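Single-structure report; data block below.
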Amino acid sequence: MVTIDGIDPHTGKGISIEIADGTIAAIRAAETTSTAYLSAGLIDLQVNGFRGLDLNSGEVTPNIMLSLCEELLSVGVTTWLPTLITASEASILQALTVIAESRAGHRLIAEMVPGVHVEGPSISDKEGPRGAHPLAFVRPPSIAEFERWQKVSGNLVAMVTLAPEHEGSIEYIRALSAQGVLVALGHTAATPDEIHAASEAGARLSTHLGNGAAAMLPRHPNFIWAQLADERLTASFIADGWHLPGDTFKAMLRAKGMERAILVSDMVALADMPPGLYEQPVGGSVEVSPEGRISVAGTPYLAGASLPLSANVAIAADMAGIPLADTLRLATENPGRFVGGRGRLEEGARADLIRFDWSHGDRAIKVREAWVHGEKAFCR
């Protein structure tokens with residue numbers, strides 16, 4: 001039996017959590033000398049890379065996977081989906097094969113990575129909504145290709161983002177949903193009718209809503225309003241202060257409600273790297289500003305995100321004017337519904353936990369320790 005104490009972010013009072021056999025055995029009110037908060041570990045459904053480690057270079061290795069797990073633990077992420085963007089089928093298959101082998105060969109990876117998110121390749125081919133995804137590899141959805149992904153990965157593809165305006169999308173969404181795969185809508189120029197038809201077919205998530213979109217849209221109707229209005233869709237948001245202005249994020253969060261909103265980082269390999277110009281396999285010439293904004297050089301288009309989920313949680317609280325405990329829910333329990341019910345701080349739940357410091361005005365929570373399935377996996 002392991003006992004961990006800290007401050008409950010919801011109440012500001014001390015709690016003690018007992019862990020047995022990888023699960024939370026008991027949660028009790030307790031006197032504590034700790035000044036650190038205690039929470040379920042963060043869950044990030046969209047990670048392309050971090051600190052120079054790249055999942056979309058065409059050269060994924062087991063060492064990259066293990067290093068990403070270790071780096072993500074340092075910022076409080078205990079569960080994550082490696083995210084593979086639009087690429088050739090051969091490149092996607094190579095990455096999926098290595099990720100599957102990495103999980104089989106290392107317990108930490110297997111515990112932290114319950115599946116893979118394939119963002120593409122069936123996204124919009126239009127400039128703007130396509131973002132930094134390479135046009136050459138955009139293609140219509142193929143159930144046969146999806147089955148090849150699952151064959152090499154051992155059914156690891158747990159989430160697929162697509163643009164529903166492609167021919168064959170509805171059949172594809174139905175087929176994947178029937179297999180328990182989370183289908184998300186993103187990088188799209190779809191009509192509202194196409195959005196609602198995709199939801200009817202089984203799509204359940206909007207990928208980084210408000211981004212992966214044309215710079216100019218009709219005032220109404222448009223696909224953003226349609227996704228905000230569709231109660232079948234949960235929306236993911238990048239709350240780093242660059243991808244969505246504060247007013248926009250606050251209004252979108254109110255429209256979807258706390259039950260149907262999650263935070264994702266969408267971090268890329270250049271996240272937390274020094275400012276400058278970089279030549280990247282995805283996006284070509286990419287600029288990291290002194291403030292950390294990552295964009296396709298010479299364009300207004302973002303090329304991924306630079307801040308971890310631990311920063312999004314704090315910035316979201318500031319932008320939306322809500323308590324940190326509420327934004328933690330957007331990065332734990334809510335995304336956890338899509339990965340087997342992880343992210344809950346309650347008796348009987350899987351013991352993925354973090355202990356962290358935070359004060360009002362901080363732009364990120366500062367992680368002290370992390371536990372994965374009941375075992376301490378990180379200590380600062």
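Which of the residues spanning the stretch 195-204 are part of a helix (DSSP H, G or I) and touching a strand residue (DSSP E or B) at 6+ places or on another chain (Cβ under 9 Å)? Even if it seems obvious, please write down each step before you answer.
Taking the stretch 195-204 as the starting set, the residues that turn out to be part of a helix (DSSP H, G or I) are 195-201.
Ile195, Ala198, Ser199, Ala201, listed by residue number.
In contact with a Phe, Trp or Tyr (Cβ under 8 Å, 6 or more places away or on another chain), in contact (Cβ under 8 Å) with a residue 24 or more places away in the chain and open to solvent by less than 10 Å² (accessible area, probe 1.4 Å): is that true of Thr83 in this structure? Full working, then the answer.
On the way: in contact with a Phe, Trp or Tyr (Cβ under 8 Å, 6 or more places away or on another chain): no; in contact (Cβ under 8 Å) with a residue 24 or more places away in the chain: yes; open to solvent by less than 10 Å² (accessible area, probe 1.4 Å): yes.
Against the criterion (in contact with a Phe, Trp or Tyr (Cβ under 8 Å, 6 or more places away or on another chain), in contact (Cβ under 8 Å) with a residue 24 or more places away in the chain and open to solvent by less than 10 Å² (accessible area, probe 1.4 Å)), Thr83 does not qualify.
Quick grid of which residues meet (1) at pLDDT 95 or above; (2) surrounded by fewer than 20 Cβ atoms within 10 Å (Cβ to Cβ):
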| position | (1), (2) |
| --- | --- |
| Ile64 | yes, no |
| Leu68 | yes, no |
| Ser122 | yes, no |
| His133 | no, no |
| Phe146 | yes, yes |
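Under 6 Å between Cβ atoms, which residue pairs at least 6 apart in sequence (or on different chains) link something in the stretch 187-207 that is in contact (Cβ under 8 Å) with a residue 40 or more places away in the chain with a partner that is surrounded by fewer than 18 Cβ atoms within 10 Å (Cβ to Cβ) and not in a helix (DSSP H, G or I)?
Ala189/Lys126
Read through the list (1) touching a helix residue (DSSP H, G or I) at 6+ places or on another chain (Cβ under 9 Å); (2) of a type in the set (S, T, N, Q); (3) buried (at least 16 other Cβ atoms within 10 Å of the Cβ), then give the number of the only condition that Asn48 fails.
Just one mismatch for Asn48, condition (1).
Collect the residues in the stretch 150-194 that are buried (at least 24 other Cβ atoms within 10 Å of the Cβ), among the hydrophobic types (A, V, I, L, M, F, W, C) and part of a loop (DSSP other than H, G, I, E, B), keeping them in residue-number order.
Matches in the stretch 150-194: Ala163 only.
Pick from the stretch 205-223 the residues that are modelled with pLDDT of 95 or more and crowded, with 21+ Cβ neighbours inside 10 Å: which of them is nearest to Asp266 (Cα to Cα)?
Out of the qualifying residues, it is His208.
Any residue at all in the stretch 248-264 that is closer than 22 Å to Ala314 by Cβ, assigned to a strand (DSSP E or B) and more than 15 Å from the chain's Cα centre (by Cα)?
no
Could you check how many residues of the stretch 206-243 are in a strand (DSSP E or B) and under 14 Å from Ala189 (Cα atoms)?
Taking the stretch 206-243 as the starting set, the residues that turn out to be in a strand (DSSP E or B) are 206, 234-237.
This time we only want the ones that are under 14 Å from Ala189 (Cα atoms), so: 206.
Of the residues in that region, 1 qualify.
State whether one or more residues within the stretch 68-76 are free of Cβ contacts under 8 Å to residues at least 24 places away in the same chain and hydrophobic (A, V, I, L, M, F, W, C).
Step one: filter the stretch 68-76 for residues free of Cβ contacts under 8 Å to residues at least 24 places away in the same chain, giving 68, 71.
If we keep only those that are hydrophobic (A, V, I, L, M, F, W, C) too, we end up with 68.
Yes; the residues of the stretch 68-76 include at least one that is free of Cβ contacts under 8 Å to residues at least 24 places away in the same chain and hydrophobic (A, V, I, L, M, F, W, C).
Would you pick out the residues in the stretch 121-149 that are in contact with a strand residue (DSSP E or B) (Cβ under 9 Å, 6 or more places away or on another chain), more than 28 Å from Pro300 (Cα to Cα) and assigned to a loop (DSSP other than H, G, I, E, B)?
Selection gives Pro141 alone.
Pro114 fails exactly one of the following numbered conditions: (1) under 17 Å from the mean Cα position of the chain (by Cα); (2) open to solvent by less than 10 Å² (accessible area, probe 1.4 Å); (3) over 29 Å from Tyr301 (Cα atoms); (4) not aromatic (Phe, Trp, Tyr). What is the number of that condition?
In the conditions (1) under 17 Å from the mean Cα position of the chain (by Cα); (2) open to solvent by less than 10 Å² (accessible area, probe 1.4 Å); (3) over 29 Å from Tyr301 (Cα atoms); (4) not aromatic (Phe, Trp, Tyr), Pro114 misses (2) alone.
Considering each residue of the stretch 1-56, count those that are free of Cβ contacts under 8 Å to residues at least 24 places away in the same chain and within 28 Å of the chain's Cα centre (by Cα), and give that number.
Residues that pass the stated criteria total 2.
As an exercise: evaluate Lys13 against (1) out of contact with any strand residue (DSSP E or B) (no Cβ under 9 Å at 6 or more places or on another chain); (2) loosely packed, with under 15 Cβ neighbours inside 10 Å and give the number of the one condition it does not meet.
(1)
The values are calculated or read from the model by the stated rules, or taken from the named source; none is laboratory data. Since the model is a prediction, treat every value here as computed from it, not as a measurement. Note that each Cβ is placed from the backbone with ideal geometry, even for glycine, and that neighbours are counted across all protein chains shown. Ligands, DNA and RNA are stripped out before the accessible areas are found, and what is left, the full protein with its side chains, is counted by its heavy atoms. Shrake-Rupley method; radii C 1.70, N 1.55, O 1.52, S 1.80 Å.
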